[in-house]
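The values are calculated or read from the model by the stated rules, or taken from the named source; none is laboratory data. Treat the numbers as computed from the prediction; the structure is a model and nothing was measured. With ideal geometry, Cβ positions are generated from the backbone for all residues, glycine too; neighbour counts draw on all protein chains shown.
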Amino acid sequence: MKLYADRVPVALRQLITDIVVVLWVYLWIRVALWINDTVEKLAVPGQKLESAGNGIAGNLADAGGKVGRVPIVGDDLTEPFNGAADAARAIADAGQEQQEIVGRLALILPAVAVAVPLALVLFLWLPSRLRWMRRAGIAAAVRDDAAGRDLLALRALAGRPLGQLAKLGPDIAQSWRSGDAAAVDALADLELRALGLRHRRRV
């Protein structure tokens, strides 16, 4: 399997593209981490609400307990403190709920932010890159053999645009069928050039 082409312009383009893709993925990972950090900061008010609510509820419950020891009217005086303590606990629960929501968002939003760029890489760029590597690897392995050159010539006849084939001559297909070595080499060279590989002619 070949990683890069033999011809410098094609290899340079592939190298630059690979670097851009790596930087693209790295950039979006950094964006996802930034989103995660930013969203998690939204949990701070919820933490403060929870802490304040629990603190107030605890103080009110203590005060209600002390007031409840007052003879005769203690129970009546305790009810407002208990009600206020319950309200404070509700505030604490709201703060905790806010933290849970922020925690879920801190996971979901970065995942969404990085999913689309990664999908483009995994489903568009990577298959194309692997396809070229496989084809170029096979072509490089067979280009020195007579049978391999014939296969490359056949591949060129089947896959290259008609305009490119016509430049090799109007009878290029007939010449290939008759086993003309020059025609086979020309077609094999055309296919190798399309892959960015050099053609090694027979000695």
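Is it the case, given these coordinates, that G103 is at pLDDT below 75 and surrounded by 14 or more Cβ atoms within 10 Å (Cβ to Cβ)? No; evaluated as a whole, the condition is false for this residue.
Would you please name the residue that is nearest to M1 (Cα to Cα), looking only at residues in the stretch 140-149 that are in a helix (DSSP H, G or I) and touching a Leu at 6+ places or on another chain (Cβ under 9 Å)?
Of the residues in the stretch 140-149, the ones in a helix (DSSP H, G or I) are 140-142, 146-149.
If we keep only those that are touching a Leu at 6+ places or on another chain (Cβ under 9 Å) as well, we get 140, 142, 149.
Values: A140: 9, V142: 12, R149: 18 Å.
Among residues in the stretch 140-149 that are in a helix (DSSP H, G or I) and touching a Leu at 6+ places or on another chain (Cβ under 9 Å), the one nearest to M1 (Cα to Cα) is A140.
The residue that is farthest from V8 (Cα to Cα), among those in the stretch 152-198 that are touching a residue at least 24 places away in the same chain (Cβ under 8 Å) and in a loop (DSSP other than H, G, I, E, B), is R160. Residues of the stretch 155-167 that are aliphatic (A, V, I, L, M), surrounded by 11 or more Cβ atoms within 10 Å (Cβ to Cβ) and modelled with pLDDT of 85 or more: A156 alone.
Taking residues in the stretch 89-110 that are assigned by TED's automatic domain parsing to the domain that holds G58, and partners anywhere that are of a type in the set (V, I, T), the pairs with Cβ atoms closer than 7 Å and at least 6 places apart or on different chains are V102/V39; L105/V39; A106/V39; L109/I35; L109/V39; P110/I35.
Out of everything in the stretch 59-79 that is in contact with a helix residue (DSSP H, G or I) (Cβ under 8 Å, 6 or more places away or on another chain) and either outside any helix (DSSP H, G or I) or closer than 28 Å to P45 by Cβ (or both), what residue ends up being modelled with the highest pLDDT? The extreme case among them is L60.
For L122, the criteria (1) closer than 30 Å to Y26 by Cα; (2) free of Cβ contacts under 8 Å to residues at least 60 places away in the same chain; (3) surrounded by 14 or more Cβ atoms within 10 Å (Cβ to Cβ) hold in every case but one, which is (3). Exactly one residue out of I35, I91 is assigned to a helix (DSSP H, G or I), at pLDDT below 85 and under 45 Å from the mean Cα position of the chain (by Cα): that is I91.
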